[in-house]
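First the structure, in the form of structure tokens, and then the observations on it.
The values are calculated or read from the model by the stated rules, or taken from the named source; none is laboratory data. Values in this document were obtained by computation on a predicted structure and should not be read as measured data. We place every Cβ from the backbone using ideal geometry, glycine too, and count neighbours over all the protein chains shown.
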Amino acid sequence: MKVYKAPLLAAALLLSLPTLAAPELVPATMLDYGHYEKVEEVTIHGDINDNIVNLAENNLTDKDADLFVIDEISEDIDQNMLVLDVSLYNDLNDGLVKAN
């Protein structure tokens, strides 16, 4: 009985490739501990009744960054609109967080 290793090798390669993930919400104070590169600033508009974190996460899924910080939250009551100003960052740390 022959054992075909190609499918097993292909599966192993697919599982070992880095996955693309949406940026993760972090508090702004975390940026003081470590090395982070600001990539982009984004303004997100949504319904005033939306959950703030879900609104941000759903609108940042296609962004190429590691972390995001919500800089400002404002409301336009006349238009029932929520406005989020978000900054995106890449994590340049080597896995260890060091104090400045």
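If you take the residues in the range 62-74 that are touching a strand residue (DSSP E or B) at 6+ places or on another chain (Cβ under 6 Å) and of a type in the set (Asp, Glu), which one is farthest from ALA28 (Cα to Cα)? Only one residue tops the list, namely ASP66.
Hey, among the residues in the range 75-97 that are among the β-branched types (Val, Ile, Thr) and part of a strand (DSSP E or B), which one's nearest to VAL26 (Cα to Cα)?
We begin by selecting, within the range 75-97, every residue among the β-branched types (Val, Ile, Thr); these are 77, 83, 86, 97.
Then drop every residue that is not part of a strand (DSSP E or B), which leaves 83, 86.
Values: VAL83: 18, VAL86: 11 Å.
Per the criteria, the residue is VAL86.
Pairs meeting the criteria (first residue in the range 21-37 and more than 12 Å from VAL69 (Cβ to Cβ), second residue surrounded by fewer than 10 Cβ atoms within 10 Å (Cβ to Cβ) and among the basic types (Lys, Arg), beta carbons under 9 Å, at least 6 apart or on different chains) are TYR33/LYS98; GLY34/LYS98; HIS35/LYS98.
Summed over the range 31-50, the residues that are part of a loop (DSSP other than H, G, I, E, B), surrounded by 12 or more Cβ atoms within 10 Å (Cβ to Cβ) and not charged (D, E, K, R) give a count of 4.
Sort through LEU15, LEU20 and tell me the only one that's at pLDDT below 95, assigned to a loop (DSSP other than H, G, I, E, B) and either of a type outside the set (Phe, Trp, Tyr) or surrounded by 11 or more Cβ atoms within 10 Å (Cβ to Cβ) (or both). Spell out the reasoning first.
On the way: LEU15 fails: assigned to a loop (DSSP other than H, G, I, E, B).
Going through LEU15, LEU20 in turn, the sole match is LEU20.
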